[in-house]
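Structure, as structure tokens:
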Amino acid sequence: MKKEHFFYSSSEDSATYAIMALSGKSPEELTAEAQNCYKILKPNFFDHNDLLTLCSLLAIYDEACDLKCSKVLAMVDELKKRKLKISGYSSVAILAPLVKAAMEKDASELATEIAEVEKYLSSCKVFGGLSGVGKSLRTMFACGVVSNSIGNQAESITNVVTASVTAIVTQEVVMAACICACIASSTAAATSTT
């Protein structure tokens, strides 16, 4: 992948590549599948680094590339209809486990569940309006909760990988949010002392 996307691949992608290695597919097969997904989805996404991560994760699933990409676009459309957006903090990768979940459930049904979880999270003190956790981040967490709940219904390597992807993406987002909070806090402290 690094050879094909030199500027978009970095050491941050190591966890993604480790998950890909667990899939049992050959590196050539995974790279070709990720490339196909990338070509299909590229016109629909602005951040190509996040898209590359999403496509790398989509490559581990056995479904046809066109089907996986159409599920991604259907999920994005259904979330938009509910005024939910996935952006920032490399959260686009959370769509990979949702695509797997969308193979078992309709994208509209999943988006409705995600909207319900996001609404619940917004009512919680930790995720509420004054917490600094915005709607986009709550939506990402809601996507993780919904995809993980479906992934735990049956045990297979795909579901284990799906749960792992969800956990890794969630961990990255939490770390980014903590860093942003620390920067904001130190900036506020620095400006209040001057």
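The values are calculated or read from the model by the stated rules, or taken from the named source; none is laboratory data. Just so you know, these numbers come straight off a predicted model, no measurement behind them. Cβ coordinates were reconstructed from backbone atoms using ideal geometry, including for glycine residues, and neighbour counts include every protein chain displayed. Just so you know, the surface numbers come from the protein's heavy atoms only, side chains and all, with ligands and any DNA or RNA stripped out. Shrake-Rupley method; radii C 1.70, N 1.55, O 1.52, S 1.80 Å.
So here's what we get for this one:
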item	result
Members of segment 39-66 found to be without any contact (Cβ under 8 Å) to a residue 24 or more places away in the chain and part of a helix (DSSP H, G or I), listed by number	LYS39, LYS42, PRO43, CYS55
Filtered residues of segment 54-106 (kept if open to solvent by 10 Å² or more (accessible area, probe 1.4 Å), in contact with an Asp or Glu (Cβ under 7 Å, 6 or more places away or on another chain) and of a type outside the set (Ser, Thr, Tyr))	CYS65, VAL92, MET103
Unmet requirement for SER147, which otherwise passes all of (1) open to solvent by less than 80 Å² (accessible area, probe 1.4 Å); (2) at pLDDT 70 or above; (3) over 16 Å from ILE60 (Cβ atoms)	(3)
Residue check, LYS119 part of a loop (DSSP other than H, G, I, E, B) and within 22 Å of LEU137 (Cβ to Cβ)	no
Positions within segment 24-40 being among the small types (Gly, Ala, Ser) and buried (at least 18 other Cβ atoms within 10 Å of the Cβ), in sequence order	ALA34
